[in-house]
């Protein structure tokens, strides 16, 4: 009984909860580095991009692994307003759904056409990082943004290498597994988007 009352008391007294918990104790660089690992939308997007890269081959893999962190960094350097954050988060989730749908669809498409959704997707994390930087005025931009770009790169390369290895080891079922996982990413992105805009 006492624990239940204590829990209710903590819930009533709790301050504003945020998915992007920045802490001055973590430091500017590490706050950026960890951002891609704690934001559900960015995790879904990086998973979708890595699955697409592993499915479509090394050429697109290079584009994904190099262009996404670089383009996200360049977009995050543009002036942004703190109130743009819901729009930026929606962009990330829509991009994750679009890229994951391409993985689930798995129809042959030319490389240049596959690169377009990758570039579109890369803008999302850049917008999120730029708006977060505008909201958290204590952050040092060059440290936070370099950490954020590195975090995106590390997350992308890790999932890409794992997905590529699984395709080699489990060749017979890896293709179906990737398409199923991609469809879950579409569903997960839609649910997170619905929760954020509800």
- [ ] Return yes when residue 124 is touching a residue at least 24 places away in the same chain (Cβ under 8 Å), touching a helix residue (DSSP H, G or I) at 6+ places or on another chain (Cβ under 7 Å) and over 13 Å from residue 31 (Cα atoms) and no when it is not.
- [x] yes
Task: residue 80 vs. criteria in a loop (DSSP other than H, G, I, E, B) and surrounded by 14 or more Cβ atoms within 10 Å (Cβ to Cβ) - done: yes
- [ ] Kindly check whether there is at least one residue in segment 121-138 that is at pLDDT 90 or above and within 13 Å of residue 48 (Cα to Cα).
- [x] yes
- [ ] Taking the options 104, 100, 187, name whichever one is in a helix (DSSP H, G or I), free of Cβ contacts under 8 Å to residues at least 60 places away in the same chain and out of contact with any strand residue (DSSP E or B) (no Cβ under 6 Å at 6 or more places or on another chain).
- [x] 187
Open item on the list: Tell me the residue from 164, 174 that is surrounded by 14 or more Cβ atoms within 10 Å (Cβ to Cβ), in contact with a helix residue (DSSP H, G or I) (Cβ under 9 Å, 6 or more places away or on another chain), part of a helix (DSSP H, G or I) and without any contact (Cβ under 8 Å) to a residue 60 or more places away in the chain, please.
Closed with: 174
Open item on the list: Consider segment 101-119. How many of its residues are closer than 16 Å to residue 65 by Cα and modelled with pLDDT of 90 or more?
Closed with: 6
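May I ask you to list the residues in segment 43-66 that are free of Cβ contacts under 8 Å to residues at least 60 places away in the same chain and surrounded by 16 or more Cβ atoms within 10 Å (Cβ to Cβ)?
56, 60, 63, listed by residue number.
The values are calculated or read from the model by the stated rules, or taken from the named source; none is laboratory data. These figures come from a predicted structure and were not determined experimentally. In this analysis, Cβ positions are derived from the backbone assuming ideal geometry, glycine residues included, and neighbour counts consider all displayed protein chains.
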